[in-house]
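Trainee: Below you'll find the structure I mean.
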Amino acid sequence: MYQTLLSKKLSDLKASGQYRTFVTLNRICGQYPLAQLEGGDERPVIVWCSNDYLGMSQHLVVRQAMHDAIDRYGAGSGGSRNIGGSHGIFSQLERSLADWHSKEAALVFPTGFSSNDATLQCLLREIPDCVVISDEKNHASIINGIRATSTERQVFRHNDLDHLEESLARYPLERPKIVVFESVYSMDGDISPMAEIVDIAKQYNALTYLDEVHAVGMYGPRGAGLAAQLGIADKVDIIQGTMAKAIGVIGGYITGAQWLIDAVRSFSTGFIFTTSLPPVVAAGCLASIEHLKTQSQERELLHTKTQQLRQALDSLDIPVMSCSSTHVLPVLVGDAIKCKEAAERLLSVHGVYLQPINFPSVAAGTERFRVNVTPNHTDEQVTHLAEALREVFEHFDIPLKTPPAFASAREAS
């Protein structure tokens, strides 16, 4: 019976084009964004959708720090920090993160997902009669943390300040409230009106919880994120981030006032009962963050390359969604099956790896490729990607930004 029930769901998923498959890619150290396909195909593949935004996973300073740490401390951490002990490198990493975001304290988790999930569950359970008010496009880890509690919740329309204020105004000032939002939304590449959200939240006596996972390392002074770039980091109560994207390793964290971080450390079951990061991983994270604090060349080159890629895609009428204003370039396909088939052709014919983004990651009818360049991509690779996308769009009759007849007329003129 159980097999029949689940098999039917899997069959429906496959029929809709939303069934997810893995492409086994072995990244080549020192040659990122190149990777090797598992199996007999010896051609290198160019990766265009990694969250390793700055290529820091390949950086010599990170790799050397990890080599040194594994030789000194071994492979694992020995358990949770409560059971196995809190390694000294965790204190160094948390001080570095707190300094990065100009906060009193920080707390490190094994993943970015768990830092959102565990922190929100903790706060919503420990703060009596709390209401959570969340942007409708917040990602899965935030949604999971909220849904795991019985807390009253409101969802406000994406980046809609009027709807946010309307939601907050329903409750007395003295009732505890948390407003949860992101800086960069990773599927659309847009930015929230952070300063205005913070001001409205404070007006209604609400805590603010900002997810900066797609901004840390790439924006702001010392790469500390968009809140730092806007000069409002001190007004945000909790800044959450990841060490798996621009930092290039793995792990999540929160930063904030000492009393707030101590409360999460003391009450969060998702922190207390989980194995801590291996010291070798923490060492790599620390080395990467300290490098990004003092060196700006990686993020400067990222933004230069992003503009170059935008222009290359635009020149061939590849439809980058207009919502994007960041390093994340969503290329609209609009059909789940074609998106999957297009990804397969990009890989087999052009040696380009792009993962199709389908429902539930994005709304049905807005299926897309989520493209991002890195400082490591060459000018030739940028041109190659644009031309490959154009060929695949034409092959599957996927709409271009400019209708073909108009494009031909424009070229003739």
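Trainee: Would you please give the residues with an amide H less than 5 Å from that of GLN154, counting only those at least 5 places away or on a separate chain, with H modeled from the backbone geometry?
Mentor: Answer set, sorted by chain and number: VAL132, ILE133, SER134.
Trainee: Moving on. What fraction of the DSSP beta bridges in the stretch 115-260 is antiparallel, stated in percent and rounded to the nearest 5?
Mentor: Details: 7 of 24 bridges.
Roughly 30 percent of the beta bridges in the stretch 115-260 run antiparallel, per DSSP.
Trainee: Whose amide H sits under 5 Å from the amide H of GLY79, counting only residues 5 or more places off or on another chain, with H placed in the peptide plane?
Mentor: Residues meeting the amide H criterion: SER276.
Trainee: Taking only protein heavy atoms and a 1.4 Å probe, what accessible area per residue, in Å², does the stretch 59-294 have with all protein chains in place?
Mentor: On the way: 9150 Å² over 236 residues.
Per residue, the stretch 59-294 has an accessible area of 39 Å².
Trainee: Now for a separate question. What would the Debye formula give as log10 I(q)/I(0) at q = 0.06, 0.07, 0.08, 0.13 Å⁻¹ for the alpha-carbon point model of the chain, no solvent?
Mentor: -0.26, -0.36, -0.47, -1.21
Trainee: Hey, any idea what % of the stretch 59-294's accessible area is carbon plus sulfur with a 1.4 Å probe?
Mentor: Working: 4790 of 9150 Å².
Exposed carbon and sulfur together represent 52 percent of the surface.
Trainee: Enter the accessible area of PHE271 (Å², nearest 10), with the probe set to 1.4 Å and all protein chains included.
Mentor: Per-residue accessible area (PHE271): approximately 20 Å².
Trainee: Just going by the charge dipole of the chain, with Lys and Arg at +1 and Asp and Glu at -1 on Cβ, which of PRO176, LEU226, THR119 is farthest out on the positive end?
Mentor: THR119
Trainee: Return P(r) of the stretch 263-413 (all Cα-Cα pairs; 10 Å bins starting at 0; whole %; ordered from short to long distances).
Mentor: 10, 30, 26, 20, 10, 3, 1
Trainee: Sort the following peptides by mean Cβ neighbour count (other Cβ atoms within 10 Å, averaged over residues), highest first: 21-29, 205-213, 132-140, 326-334.
Mentor: 205-213, 326-334, 132-140, 21-29
Trainee: Hey, what do the phi angles of the stretch 116-122 turn into as Karplus ³J(HN,Hα) couplings, whole Hz, using 6.51/-1.76/1.60 and θ = phi - 60°, x for Gly and Pro?
Mentor: Values, residue by residue: 5, 4, 5, 5, 5, 4, 4 Hz.
Trainee: If the limit is 30 Å between Cα atoms, which of LYS103/LYS245; LYS293/LYS340; LYS103/LYS305; LYS14/LYS137; LYS103/LYS202 go over it? Intermediate values should be presented prior to the final figure.
Mentor: Details: LYS103/LYS245 21 Å; LYS293/LYS340 39 Å; LYS103/LYS305 32 Å; LYS14/LYS137 25 Å; LYS103/LYS202 18 Å.
Flagged as over cut-off: LYS293/LYS340; LYS103/LYS305.
Trainee: Show me the ranking of peptides 343-351, 248-256, 45-53 by mean Cβ neighbours inside 10 Å, starting with the highest.
Mentor: Details: 343-351: 17.0, 248-256: 25.8, 45-53: 20.9.
Going from most to least packed, we get 248-256, 45-53, 343-351.
Trainee: I've got another one for you. Using a 1.4 angstrom probe on the protein heavy atoms only, line up ASP129, ASP71 by accessible area, largest first.
Mentor: Details: ASP129 100, ASP71 130 Å².
Per-residue accessible area, sorted high to low, gives ASP71, ASP129.
The values are calculated or read from the model by the stated rules, or taken from the named source; none is laboratory data. Treat the numbers as computed from the prediction; the structure is a model and nothing was measured. Every residue, glycine among them, receives a Cβ derived from its backbone with ideal geometry; neighbour counts consider all protein chains shown. Surface areas here come from the heavy atoms of the whole protein model, side chains and all, with no ligands, DNA or RNA. Shrake-Rupley method; radii C 1.70, N 1.55, O 1.52, S 1.80 Å.
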